[in-house]
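Q: This is the structure I want to talk about, given as structure tokens.
Just so you know, all these numbers are worked out from the coordinates, no wet-lab data involved. What you see is a predicted model, and the numbers here were worked out from it, not measured in a lab. Heads up, the Cβs are rebuilt from the backbone with ideal geometry, glycines too, and the neighbour counts pull from every protein chain shown.
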Amino acid sequence: MDGKAASQSDWAGLWRSGALPQFCFISLGLIFHAGAENMISTIMPSIVREIGGVELNGWTFAIYEIGSIIAGAATGRLTTYWTVRSNMIVAALIFAAGAFITTFAPSMEVALGGRLLSGFGGGGLIALSYVAIQRYFEAAIWPQLMAILSVVWGVAAFGGPLYGAIIGTVLSWRWAFGFFGLAAIVFAAACLVVLRNEKPHDAGKPTGAFPFFTLLLLASGITAIATAGVEIRPLVAAGLVLAGTIGVILFFVVDSRNGASRLFPSGVFDPRGIVGSGMIMVAALSISTCSFGFYGPLLLAALHDFSPVTTGLIIASESISWSILSIALANAPRHWEAAITRIGAVMIVAGIAGFAWVVPTGSVAGILFFATLQGGGFGILWPFASRRVIEAARPGEEEVTAAGFSTLQRIGYATGAAAAGIVANSNGFADGFTKAAATTAAVPLFLYFLPLALVGCLAAFRFAALTSARPR
């Protein structure tokens, strides 16, 4: 499919071209990652009843995130050594190995080891999905492909807990992980057949040594931040976030000096460029939007006695809005993209501010509105922003830019979750899950993140202006 045809293509045309079926297969990597990440919420009671370890409950999610962020950061560089197909096969097999370790785990400590390994595989798969877009497909259809990723992510994020609940009830929690492991092995085998038309690349001819020390800095920083997210003592958690943030900053400083071996693109946080302004936008907006996902259900249950089903549907509405609006605007003309990016950023900021108003009041209609506003903002912004960032990458940095865009989102979520935990614990949650604590924490959990959200919005406006001025 050439660029002109692609830009005029509808979804049926994409299917006939053969691009859509192949990309739907590639996007299955997101199902492994998001499904395994989110199903833990519904099967943890069964796990702790059988093998114990309830005191390590918070680590079941955090350790998976650590693995996924580290692998995501390394993936872009690894695809300059080997093909996307080879990397995807290895990532799927690592994910399967982790799933099987958790399946047969005799203790929570072993299960956490399996979760870490699955995180490595899952983080690699999601980053490889973005690298595959620029390696396999023409740039003109990237927004539609990004929209597919949004839909797959939304379905997996919503379906993961449901899958865990059903399999855990009908069979056992062990089978929930076991089925994921078996599916990942089948996926790895299918990659040999499906992923054959990769664009030529100098895979196998790396231009620099793999930056193990730089990756160790990132691993240390992210581990400290993740530890803060499960620490209930506010001062200790704040110290861990500070130490982790310093570690992540050192990572980016050292990485910027690595030349051909760098893990993130040049000018990763330079607001004067498209890549830098886009990365600032992603990082700031990802950090600032974590409060509702992590603390919304707790606040609504404590303040207004919302049932788990009601809160689950409200949380799901954010993912559904993200998916629907991604698809709806995927075919938007290119000259609309700057305006769409600005509107999306404003929607996200309005959603954060709106939660500070409606969550304390308990208005279901208001909460649904601002949840769909926040999710929809990401939905319309993400496909175009990710494509423009990858297009603007310097020659030779396309892979690390594609992988870095999604990995920075994961880093933002991990940092935002830890920061939200500090805010919540500092405003009463450290003394217990009570209505009084929820009343005190409800407004700060959103308003404290509003300045950072505004930074992300300003970066989005800067990004839109730069992409509008860029020759096409």
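Q: Over the Cα atoms of region 18-199, Rg to Rh with Kirkwood Rh, two decimal places?
A: That ratio equals 0.99.
Q: Sticking with this one: Order these peptides, 241-252, 65-76, 417-428, by their mean beta-carbon neighbour count within 10 angstrom, highest first.
A: 65-76, 417-428, 241-252
Q: Could you tell me what % of all Cα pairs in the chain have separations over 31 Å?
A: 39 percent
Q: Which whole-Hz ³J(HN,Hα) couplings does region 387-404 yield from phi under the Karplus relation 6.51 cos²θ - 1.76 cosθ + 1.60, θ = phi - 60°, glycine and proline marked x?
A: Whole-Hz 3J(HN,Hα) from phi for region 387-404: 5, 5, 5, 5, 4, 7, 4, 5, x, x, 10, 4, 5, 5, 5, 4, 5, x.
Q: If you filter region 350-425 for trypsin sites (Lys or Arg not before Pro), then keep DSSP loop positions with at most 10 other Cβ within 10 Å, what is left?
A: none
Q: So, one more: Only loop residues by DSSP count here, and only those with at most 14 other Cβ atoms within 10 Å; note down the chymotrypsin sites (Phe, Trp or Tyr not before Pro) in region 372-472 that meet that.
A: Those that pass, being in a loop and sparsely packed, are Phe433.
Q: Can you compute the charge dipole magnitude of the chain about its Cα centre, using +1 on each Lys and Arg Cβ and -1 on each Asp and Glu Cβ, nothing else charged? Give it in debye, rounded to the nearest 20.
A: 860 debye
Q: Tell me, how many Å apart are the Cα centres for region 219-284 and for region 20-37?
A: Comparing the Cα centres of region 219-284 and region 20-37, I get a distance of 27 Å.
Q: Could I ask something else about it? Could you sort 331-344, 266-279 so that the peptide with the highest average Cβ count within 10 Å comes first and the rest follow in order?
A: In descending order of packing, they fall as 266-279, 331-344.
Q: Provide the per-residue ³J(HN,Hα) series for region 414-421, in order, calculated from phi with Karplus coefficients 6.51, -1.76, 1.60 and θ = phi - 60°, each as a whole number of Hz, with x at glycine and proline positions.
A: 5, 5, x, 5, 5, 5, 5, x
Q: Still on this structure, please answer the following. Identify the chymotrypsin sites (Phe, Trp or Tyr not before Pro) of region 59-118 meeting these criteria: DSSP loop state and at most 16 other C-beta atoms within 10 Å of the C-beta.
A: In loop regions of region 59-118 (DSSP not H, G, I, E or B), the sparsely surrounded chymotrypsin sites (Phe, Trp or Tyr not before Pro) are Tyr81, Trp82, Phe104.
Q: Right, here's the next one. Step through the residues of region 266-273 one at a time and calculate ³J(HN,Hα) from phi using the Karplus curve (6.51 cos²θ - 1.76 cosθ + 1.60, θ = phi - 60°), rounding each to whole Hz and writing x for Gly and Pro.
A: These are the phi-based 3J(HN,Hα) values: 4, x, 4, 10, 8, x, 7, x Hz.
Q: Moving on to the next point. Kindly rank 435-441, 151-157 from highest to lowest mean number of other beta carbons found within 10 Å of each residue.
A: 151-157, 435-441
Q: In addition: Using only DSSP helix segments of four residues or longer, with each worth -39500 (n - 2.57), what per-residue ellipticity at 222 nm results for the chain after dividing by its residue count and rounding to 500?
A: Taking each H run of at least 4 residues, the total per residue is -26500 deg cm²/dmol.
Q: Using the Kirkwood radius over Cα pairs, work out the Stokes-Einstein diffusion coefficient for region 267-472 at 37 °C and 0.692 mPa s, in µm²/s as a whole number.
A: Reported coefficient: 189 µm²/s.
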